[in-house]
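S.K.: Quick one: this structure, given as structure tokens, is what I'll be asking you about.
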Amino acid sequence: MSVPDDLPVLEVTALEKHFGGLFALSKLDIAVRRGEIVSVIGPNGAGKSTLFNVITGIYEPDGGDVRYMGESIVGLRPHQLVKLGIARTFQSVRLFANMTILENAMVGQHCRARGGVFGSILRTPGIRDEEERIKERAIEALGFFGPRLSGYRMDQPAFSLSYANRRRLEMARAMATDPYLILLDEPTAGMNPRETLELRDHIVRMRDELGLTVVVIEHDMRVVKGVSDRVIACDYGQKIAEGTYDEVAHDERVVEAYLGTKATE
Amino acid sequence: MNRVVKAGLAGGAVTIFLGLVGLIERFADLSLVGEQVTFSRLILVVAPFIVGYAVGRPRVEHGERRSITAREALLWGAVAGAVAGALVGVAAVAVDAFGVERVRAVFIQVTQGLIDFVTLGLEPPIVGAIGLTAISAVAGVLGGAMHVVPDRIRKPIVSAIATILALGFLQRVVPVAMAEIDLETDWLYTSAGLTWFGAAVIGGIAAGVSILKTWKGDVIRDAIRGTTTGSQIGVEGSAPRGGTSVLRTVILGGAAVGLFVLPLVVGSVVSERLGTVMVFILLGLGLNIVVGYAGLLDLGYVAFFAFGAYATGILTGGMLNSFEGITPPVIHADLSFYVALPIVVLLAAFVGMLIGAPVLRLRGDYLALVTLGLGEMVSVLVASPWLTPLVGGPAGMRDISDAAIGGISFRDPKNFYFLALAFVILALFVSRRLYRSRIGRAWTAMREDEQTADAMGISTTSYKLLAFAMGGAIGSIGGALFAVKIGSITPASFQVFVSLQVLGIVILGGLGSLPGVVVGALVLVGLPGILREFEEYSFLAYGAALVIVMLLRPQGLVPNVRRTRELQEEERAQDAWAAEKEQEAAVEGVST
């Protein structure tokens, strides 16, 4: 897919999502350019995860539009969006706990393969090559995090991993789908300071080495500061500030949203 | 102590229950060994033995493992056994005092004979009750002794007793098989169970094998696995793991030959039942794809069984019993079974999708309930007047093809076994290939977490439909073979119980496990047929078996092998990996 560089990879316009009387998203506008790392920040309940869920097709929006590579993707199912190149991780880690680490990553490659029933039963040469390729690609994705998910670990069930490694595996699984755009929902939650700093580098590497466009929801301001080309602050489902980290961090409304009082008082 | 008494009371209650349902008296004449060891007598001591064993088990108390001394084990076993026996004795005395006839008005299986039996035929009953208590106490002590006696003595004894009892129960099967291959049976069996001499020989052999296993066990195991003790796995390149040894080949070959000669030696009664087992293995393999692989709880699986059977009937010239005599159904074809079968299978896959489509959005309990209803609809439909011109209503269909090839009829139980075996092997092959492919991975992911699977690029809709289609296709083969096997079918064979039975097979064997399906079918379908005497109690045994297995072994009898092996080999792999890394580090250390 060749896209002009200036066209936004992801463009969200006037997005609305209501749950009963609650406006989780309200007239939200966001644009993400190719190769950018954009952080979305905001207090709990600001609608950040809802935004991800609408983009990835888990929720249908109640209004507005989501455009990916210039085309509207509203109404597409999550698995169709993965095939188009949008991958994500979940705030509450959601691995296939009883599958091995390698199998988890291989599931990511599912959408890039097409082996059917009869081919799989007969195990034709084509299917065997495809399986080989899926495995190689999965191992490659796991290798992004160094030895942590490689070696003997690949054949262990995912539930045996530490919390931080589960988060890493979730990212590896998302990367194994060969995405253009990756959405990371609080990737450092539950990690210790050292692991958090390391993950900061990983996020930058995703863009620099793999050429991914990254949108990340994050609470840890060191990470936000370290990775972001641009920061978008949300509250009550609306965008309240946008710009570089320093601009947003000193924005009155952002400080107010976080502290709950007017900063000027 | 409280715990010990409670266990004893529970054991006594079980025995009383078995007495009330008539199990004890019914088998007073079923001798296992000689005329002395009857099934009923065995029942009387089984419960005390088990509670005696149970109370002596080491257990975890307040988070600490508390081991039990030999004296405690024996004493507690005696007490628990005595309590169990005393409870049964007291119950018998009470019934006797109250009047057997009056109790019989409610519990119709309670007879004077039962009371006499339980009180050991002694007068007055209270003496018999005391005797029973004493015997039960001994049984309890023996149960407790299981923890006390060292392994090398215990194992041969247990193995000898288990083998003798198993052969005792199989007294209708083993002699027939032995006679078929011209073996003398008189030394081993009489008309009533094993002879004492035979039992002694069998017990001796079993004990000998057990001793040999303890003594040379690891050598034998290595020979079978084709590994040598102490070979380092994964450290020095590829170790010769999985290499075939002569012994391993012999065992596998022996098993294969056994499968083929089985119906030739077991006689037609058991062959007939083996054929039924094969049909249920096919049903189990089909349902395993839906429930075990894709995680869709389908309680209406009988629909595919019925579809396969009736569609085969219609396509292979089946006729209807009607008021005008024997008439062809409104849709009628007289194809060869082998032409009809692919059509039936394809149609069944399509029906699977039709059934799957409306329930795609349902999960768990809701899915189970709706499929239960859909399955029941099929049972009702095939008996309904509306479909009578097609499937014959309650009178059913007859004259279905016997799938003969060159004059060999597969209506014959022995021939049928081979036909069914071929399809079972095919279904096993298909299941295994699918499970270990991209498709199997997608099913597993979907079973683990449907929404996440969707968000990772798996079209859950397609894969659910595919699971229903594949499950339906394999299940319909089971139905088709069933129709061939018996030649005429009626709605009575397609009741909702079949769904539950097949689900029982899959769950008992272990969800997602192919050997599990085979073992599950052998246990739940095969055993009741072989132990004919127990037929009327088969549902009781069925329920008890499910409860016990689910409590003690919730992963099933033969759990999904791959995962189990992974867990076991994890440690060795980890060690190998660590050693490798250490070596690398050492090399780097030298070079820098």
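S.K.: Limited to segment A:190-211, what total is found for residues that are more than 23 Å from A:Val82 (Cα to Cα), among the β-branched types (Val, Ile, Thr) and open to solvent by 20 Å² or more (accessible area, probe 1.4 Å)?
M.R.: Going through segment A:190-211 one residue at a time, the tally reaches 0.
S.K.: Continuing with this model, one more query. Tell me, yes or no, whether segment B:426-444 has at least one residue that is under 21 Å from B:Leu347 (Cβ atoms), more than 10 Å from every other protein chain (Cβ to nearest Cβ) and open to solvent by less than 40 Å² (accessible area, probe 1.4 Å).
M.R.: yes
Table: residues versus (1) touching a residue at least 40 places away in the same chain (Cβ under 8 Å); (2) open to solvent by 10 Å² or more (accessible area, probe 1.4 Å); (3) hydrophobic (A, V, I, L, M, F, W, C).
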| site | (1), (2), (3) |
| --- | --- |
| A:Asn104 | yes, no, no |
| A:Val117 | no, yes, yes |
| A:Ala164 | no, no, yes |
| A:Arg167 | yes, no, no |
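S.K.: Kindly indicate whether A:Ile58 is at pLDDT 95 or above and of a type in the set (Val, Ile, Thr).
M.R.: No, not satisfied.
S.K.: Given the criteria farther than 13 Å from B:Val265 by Cβ, open to solvent by 50 Å² or more (accessible area, probe 1.4 Å) and among the acidic types (Asp, Glu), does B:Asp182 qualify?
M.R.: No, not satisfied.
S.K.: Moving to a separate point now. Condition check: surrounded by 17 or more Cβ atoms within 10 Å (Cβ to Cβ), modelled with pLDDT of 90 or more and assigned by TED's automatic domain parsing to the domain that holds B:Ser462. Does B:Phe350 satisfy that?
M.R.: no
S.K.: Could I ask something else about it? Are there any pairs with C-beta distances below 8 angstrom linking a residue in segment B:249-262 that is free of Cβ contacts under 8 Å to residues at least 60 places away in the same chain to a residue that is assigned to a helix (DSSP H, G or I), with the two at least 6 apart or on different chains, and if so which?
M.R.: B:Ile251/B:Ile224
S.K.: Residue under question is A:Ile134, and the condition is that it be within 9 Å of another protein chain (Cβ to nearest Cβ) and either closer than 23 Å to B:Gly295 by Cβ or not hydrophobic (A, V, I, L, M, F, W, C) (or both); does it hold?
M.R.: yes
Yes/no per residue for (1) in contact with a Lys or Arg (Cβ under 7 Å, 6 or more places away or on another chain); (2) under 30 Å from B:Leu354 (Cβ atoms); (3) touching a residue at least 24 places away in the same chain (Cβ under 8 Å); (4) open to solvent by 20 Å² or more (accessible area, probe 1.4 Å):
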position	(1), (2), (3), (4)
B:Leu387	no, yes, no, yes
B:Pro394	no, yes, yes, yes
B:Asp399	no, yes, yes, yes
B:Ala403	no, yes, yes, no
B:Gly406	no, no, no, yes
B:Tyr417	no, no, yes, no
B:Leu421	no, no, yes, no
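S.K.: Right, something else. Going by the structure shown, is A:Pro187 away from every other protein chain (no Cβ under 12 Å), open to solvent by less than 70 Å² (accessible area, probe 1.4 Å), under 28 Å from A:Val12 (Cα atoms) and not in a helix (DSSP H, G or I)?
M.R.: For A:Pro187, the condition - away from every other protein chain (no Cβ under 12 Å), open to solvent by less than 70 Å² (accessible area, probe 1.4 Å), under 28 Å from A:Val12 (Cα atoms) and not in a helix (DSSP H, G or I) - is met.
S.K.: Just the residues that are open to solvent by less than 10 Å² (accessible area, probe 1.4 Å) and not in a helix (DSSP H, G or I), please, taken from segment B:458-488.
M.R.: Those that are open to solvent by less than 10 Å² (accessible area, probe 1.4 Å) and not in a helix (DSSP H, G or I): B:Ile458, B:Gly487.
S.K.: Tally time: how many residues in segment A:91-128 are facing another protein chain (nearest Cβ under 7 Å), part of a loop (DSSP other than H, G, I, E, B) and closer than 22 Å to A:Val215 by Cβ?
M.R.: So the count comes out to 1.
S.K.: For segment A:39-51, name all the residues that are surrounded by fewer than 22 Cβ atoms within 10 Å (Cβ to Cβ) and on the phi < 0 side of the Ramachandran plot. Please lay out each step first, then the result.
M.R.: Start the filter on segment A:39-51 by keeping residues that are surrounded by fewer than 22 Cβ atoms within 10 Å (Cβ to Cβ), which leaves A:43-45, A:49.
Across segment A:39-51, the qualifying residues are A:Pro43, A:Asn44, A:Ser49.
Table: residues versus (1) within 30 Å of B:Asn560 (Cα to Cα); (2) assigned to a strand (DSSP E or B); (3) free of Cβ contacts under 8 Å to residues at least 24 places away in the same chain.
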site: B:Ile289; (1), (2), (3): yes, no, no
site: B:Leu297; (1), (2), (3): yes, no, no
site: B:Ala303; (1), (2), (3): yes, no, no
site: B:Gly308; (1), (2), (3): yes, no, no
site: B:Ala311; (1), (2), (3): no, no, no
site: B:Asn321; (1), (2), (3): no, yes, no
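S.K.: Looking only at segment B:445-472, which residues are more than 7 Å from every other protein chain (Cβ to nearest Cβ) and among the charged types (D, E, K, R)?
M.R.: Of everything in segment B:445-472, those that are more than 7 Å from every other protein chain (Cβ to nearest Cβ) and among the charged types (D, E, K, R) turn out to be B:Arg447, B:Glu450, B:Lys464.
S.K.: Would you check if B:Gly556 is assigned to a helix (DSSP H, G or I), open to solvent by less than 40 Å² (accessible area, probe 1.4 Å), more than 14 Å from chain A (Cβ to nearest Cβ) and modelled with pLDDT of 80 or more?
M.R.: no
S.K.: On to the next question. Mind listing whichever residues of segment B:187-212 are assigned to a loop (DSSP other than H, G, I, E, B), open to solvent by 50 Å² or more (accessible area, probe 1.4 Å) and either within 19 Å of B:Ile153 (Cα to Cα) or not hydrophobic (A, V, I, L, M, F, W, C) (or both)?
M.R.: If the condition is that a residue be assigned to a loop (DSSP other than H, G, I, E, B), open to solvent by 50 Å² or more (accessible area, probe 1.4 Å) and either within 19 Å of B:Ile153 (Cα to Cα) or not hydrophobic (A, V, I, L, M, F, W, C) (or both), then B:Thr190, B:Ser191 are the ones that fit.
S.K.: Output yes when any residue across segment A:13-24 is without any contact (Cβ under 8 Å) to a residue 12 or more places away in the chain and either among the aromatic types (Phe, Trp, Tyr) or open to solvent by less than 20 Å² (accessible area, probe 1.4 Å) (or both), and no when none is.
M.R.: Yes, segment A:13-24 contains at least one residue that is without any contact (Cβ under 8 Å) to a residue 12 or more places away in the chain and either among the aromatic types (Phe, Trp, Tyr) or open to solvent by less than 20 Å² (accessible area, probe 1.4 Å) (or both).
Okay, residues lined up against (1) under 30 Å from B:Leu531 (Cα atoms); (2) at pLDDT below 65; (3) assigned to a helix (DSSP H, G or I); (4) not assigned by TED's automatic domain parsing to the domain that holds B:Phe416:
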site: B:Lys216; (1), (2), (3), (4): no, no, yes, yes
site: B:Asp222; (1), (2), (3), (4): no, no, yes, yes
site: B:Thr228; (1), (2), (3), (4): no, yes, no, yes
site: B:Ser231; (1), (2), (3), (4): no, yes, no, yes
site: B:Ser238; (1), (2), (3), (4): no, yes, no, yes
site: B:Arg248; (1), (2), (3), (4): no, no, yes, yes
site: B:Leu252; (1), (2), (3), (4): yes, no, yes, yes
site: B:Ala256; (1), (2), (3), (4): yes, no, yes, yes
site: B:Leu259; (1), (2), (3), (4): yes, no, yes, yes
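S.K.: Determine whether B:Gly512 is under 22 Å from the mean Cα position of the chain (by Cα), in contact (Cβ under 8 Å) with a residue 60 or more places away in the chain, outside any helix (DSSP H, G or I) and crowded, with 20+ Cβ neighbours inside 10 Å.
M.R.: Working: under 22 Å from the mean Cα position of the chain (by Cα): yes; in contact (Cβ under 8 Å) with a residue 60 or more places away in the chain: yes; outside any helix (DSSP H, G or I): yes; crowded, with 20+ Cβ neighbours inside 10 Å: yes.
Criteria met by B:Gly512.
S.K.: Which ones in segment B:55-95 are part of a helix (DSSP H, G or I) and not aliphatic (A, V, I, L, M)?
M.R.: If the condition is that a residue be part of a helix (DSSP H, G or I) and not aliphatic (A, V, I, L, M), then B:Arg71, B:Glu72, B:Trp76, B:Gly77, B:Gly81, B:Gly85, B:Gly89 are the ones that fit.
S.K.: Next question. Hey, does segment A:139-150 have a residue that's outside any strand (DSSP E or B), within 11 Å of chain B (Cβ to nearest Cβ) and open to solvent by less than 60 Å² (accessible area, probe 1.4 Å)?
M.R.: Kept after step one, since they are outside any strand (DSSP E or B), are these residues of segment A:139-150: A:139-150.
Narrowing the set further to residues that are within 11 Å of chain B (Cβ to nearest Cβ) leaves A:147, A:150.
Filter once more, keeping what is open to solvent by less than 60 Å² (accessible area, probe 1.4 Å): A:150.
Yes; the residues of segment A:139-150 include at least one that is outside any strand (DSSP E or B), within 11 Å of chain B (Cβ to nearest Cβ) and open to solvent by less than 60 Å² (accessible area, probe 1.4 Å).
S.K.: So is A:Ala87 in contact (Cβ under 8 Å) with a residue 40 or more places away in the chain, within 11 Å of chain B (Cβ to nearest Cβ), on the phi < 0 side of the Ramachandran plot and part of a helix (DSSP H, G or I) or not?
M.R.: Details: in contact (Cβ under 8 Å) with a residue 40 or more places away in the chain: yes; within 11 Å of chain B (Cβ to nearest Cβ): yes; on the phi < 0 side of the Ramachandran plot: yes; part of a helix (DSSP H, G or I): no.
No: the conditions fail for A:Ala87.
The values are calculated or read from the model by the stated rules, or taken from the named source; none is laboratory data. A quick note: this is a predicted structure, and the numbers were derived from the prediction, not measured. A quick note on method: Cβ atoms are made from the backbone with ideal geometry, for glycine too, and the neighbour counts reach across all protein chains shown. The accessibility values were calculated without ligands, DNA or RNA, using every heavy atom of the protein model including side chains. Shrake-Rupley method; radii C 1.70, N 1.55, O 1.52, S 1.80 Å.
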